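To start, the structure under review is shown below, and the notes come after it.
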Amino acid sequence: MSKSADHATRTPRLIAQGVLWLVLYILLIMLPVALLLLPPRPQGSGFWYDFSLALGFAATTMMGVQFALTARFHHATAPYGIDIVYSFHRHLAVVGTILVLAHPIILIVINPALLHLLQPRHVPSHMLAGIGSIVCLLALVASSLWRKQLRLHYDGWRIAHAVLAVAAVGLALLHIEGVSYYIGEPRKHALWLVLVGSWLLLVLRTRLVKPWLLSRWPYRVVAVERDAPEVWTLTLEPDGHRGIEFEAGQFAWLTLAGSPFAMHEHPFSIASSPVAAPRLQFTIKELGDFTRTIGNTPVGAIAYVDGPYGAFSMDRYPEAPGYVLIAGGIGIVPMVSMLRALADRGDQRPLWLIGANSRLERVALRDVVSTLALRLNLRVIPVLEEPPANWQGEVGYLTADVLNRCLPAQRDRLEYFVCGPTPMIHLVEHGLYSLGVPMARFHTELFDLV
Amino acid sequence: MRNRLARWLAWLTGALIVLLAALFAFIQNR
């Protein structure tokens, strides 16, 4: 198949795959309630009682299937981009928690005498498991939604997240086993155990099999260079294997100075060109506890790369007449990967790079972009919040007015890639919308989800 | 936009589950 024919069939194929995975997900979620409906069924216990019970089953399943959403399956996440799968995981956790809470609340409303079961002397062990599951779930959701406000260290939060998730689902399963009313029948019980077993396999895959596979494909740090204040570029080469192939703009989880089993990995956009693979470059800004140590990484250190992931790539829109790359701060990194790839291919389509930063001296990869501009049909437009005294360029935030001045008149067929802090993405989205850019041409990469 | 879609899809999934649970309770008690 020729390259253009391949591209022509790729988008519909990705959409079809996306729909297929979504349908599969919804079927998986519905499976346990369908299981309850299978004959023979025990006698009904009243509409609200059974409604509450089915909610409990379905919400537990939602939580169990969450393990699939974070298992980083390449085929299942490729159509959407894994950032959005994680975002879906986060929203589902909120919805699932409401459904989980609805289960005991409905039961207590229809039968307030059940509150007596909550007194320590009377609590049967399976009820205790149910209460424990809810406590773990609430801790899980609160620590994820408000990690920064609670000042939880990212690495510690990740370990707590994994433990609490398994505890919340495990205790919910013990609760269901203890009640054992609707899955008491042996065949139903067996089917339920198969379903639960699949979640256990997912946990084992994520926590044991995947790290073991990663440990067999180590990388070596071959260079550590300072790019701008608090910005470092790491260059990695595969150690004894062929490395990964990626699309420009994608990202990977990077583990430095530690075992892949230790869960000390962090997601970073790849800065290098796919043409330069298997050599990989990551340009990283000091933003947190881990990234503040990046500059101290010794040359020769072992690293592990889990990737590539993400749908943020111009290669997904190969027919575009041109690309507009809008970056805030370190959001420049995936843009540079795309520019490098286009330069390596000799692509001369018109490109616009709008880079928003606080100050000129803090602009990351400035020299790299200047060099790339010589090889590309690229217009670079820096926008500064605090410009130097003799600054002639754009000033302030990426408002519709600024974008209007930067973009060409024929702007509705270009593809727009936006990466940066969430408020900037929202501002640009509103700006482009007001300028008549079709939202289907607006592509973002979500990071900083927790 | 994708994030909004993910949020709507999550709430839609929740609504679907509520409907399914109600259907189960209805069948069980008719």
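The values are calculated or read from the model by the stated rules, or taken from the named source; none is laboratory data. The structure displayed is predicted, hence computed values, not measured ones. Cβ sites come from the backbone with ideal geometry, for glycine too, and all protein chains shown count toward neighbours.
Things worth noting here:
- Yes/no for A:Thr61 being hydroxyl-bearing (Ser, Thr, Tyr) and either in contact with a strand residue (DSSP E or B) (Cβ under 7 Å, 6 or more places away or on another chain) or at pLDDT 95 or above (or both): no
- Search result, residues across the stretch A:391-409 that are aliphatic (A, V, I, L, M) and closer than 12 Å to A:Asn357 by Cα: A:Val395, A:Leu398
- The set of residues from the stretch A:182-219 being part of a loop (DSSP other than H, G, I, E, B) and surrounded by 14 or more Cβ atoms within 10 Å (Cβ to Cβ) comprises A:Tyr182, A:Ile183, A:Glu185, A:Trp217.
- Looking only at the stretch A:91-102, and only at residues there that are in contact (Cβ under 8 Å) with a residue 24 or more places away in the chain and facing chain B (nearest Cβ under 8 Å), the one that is surrounded by the most Cβ atoms within 10 Å (Cβ to Cβ): A:Gly96
- Scanning the stretch A:361-375 for residues that are in contact with a Pro (Cβ under 9 Å, 6 or more places away or on another chain) and surrounded by 13 or more Cβ atoms within 10 Å (Cβ to Cβ) returns A:Arg362, A:Val363, A:Arg366.
Condition check ((1) of a type in the set (Gly, Ala, Ser); (2) assigned to a loop (DSSP other than H, G, I, E, B); (3) under 23 Å from A:Ile302 (Cβ atoms); (4) in contact with a Leu (Cβ under 7 Å, 6 or more places away or on another chain)) across all residues:
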position	(1), (2), (3), (4)
A:Val221	no, no, yes, yes
A:Val224	no, no, yes, yes
A:Arg242	no, yes, yes, no
A:Ala252	yes, no, yes, no
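- Residues in the stretch A:35-50 that are exposed (fewer than 15 other Cβ atoms within 10 Å of the Cβ) and under 21 Å from A:Ile108 (Cα atoms) were compared, and the one that is nearest to the other protein chains (Cβ to nearest Cβ) is A:Gly46.
- Residue-level analysis places A:Phe57 among those that are within 10 Å of chain B (Cβ to nearest Cβ) and either farther than 28 Å from A:Leu107 by Cα or buried (at least 20 other Cβ atoms within 10 Å of the Cβ) (or both).
- With respect to (1) in contact (Cβ under 8 Å) with a residue 60 or more places away in the chain; (2) more than 8 Å from chain B (Cβ to nearest Cβ); (3) over 30 Å from A:Pro186 (Cα atoms), the lone exception for A:Arg121 is condition (1).
- On the stretch given as the stretch A:188-243, residues that are over 30 Å from A:Val33 (Cα atoms) and of a type in the set (A, V, I, L, M) total 12.
- Residues satisfying the stated conditions in the stretch A:401-427, i.e. under 18 Å from A:Ala320 (Cβ atoms) and within 23 Å of the chain's Cα centre (by Cα): A:Glu415, A:Tyr416, A:Phe417, A:Val418, A:Cys419
- Scoring A:Phe88 on the criteria (1) closer than 22 Å to A:Arg147 by Cα; (2) away from chain B (no Cβ under 11 Å) leaves a single failure, condition (2).
- Qualifying residue in the stretch A:275-297 (condition: touching a residue at least 60 places away in the same chain (Cβ under 8 Å) and under 29 Å from A:Ile15 (Cβ atoms)): yes
- Of the residues making up the stretch A:394-443, just one is hydroxyl-bearing (Ser, Thr, Tyr) and buried (at least 21 other Cβ atoms within 10 Å of the Cβ), namely A:Tyr416.
- Residue within the stretch A:14-26 that is in contact with a Phe, Trp or Tyr (Cβ under 6 Å, 6 or more places away or on another chain), within 9 Å of chain B (Cβ to nearest Cβ) and in a helix (DSSP H, G or I) present: no
- Number of residues in the stretch A:34-83 that are more than 16 Å from the chain's Cα centre (by Cα), small (Gly, Ala, Ser) and in a loop (DSSP other than H, G, I, E, B) equals 3.
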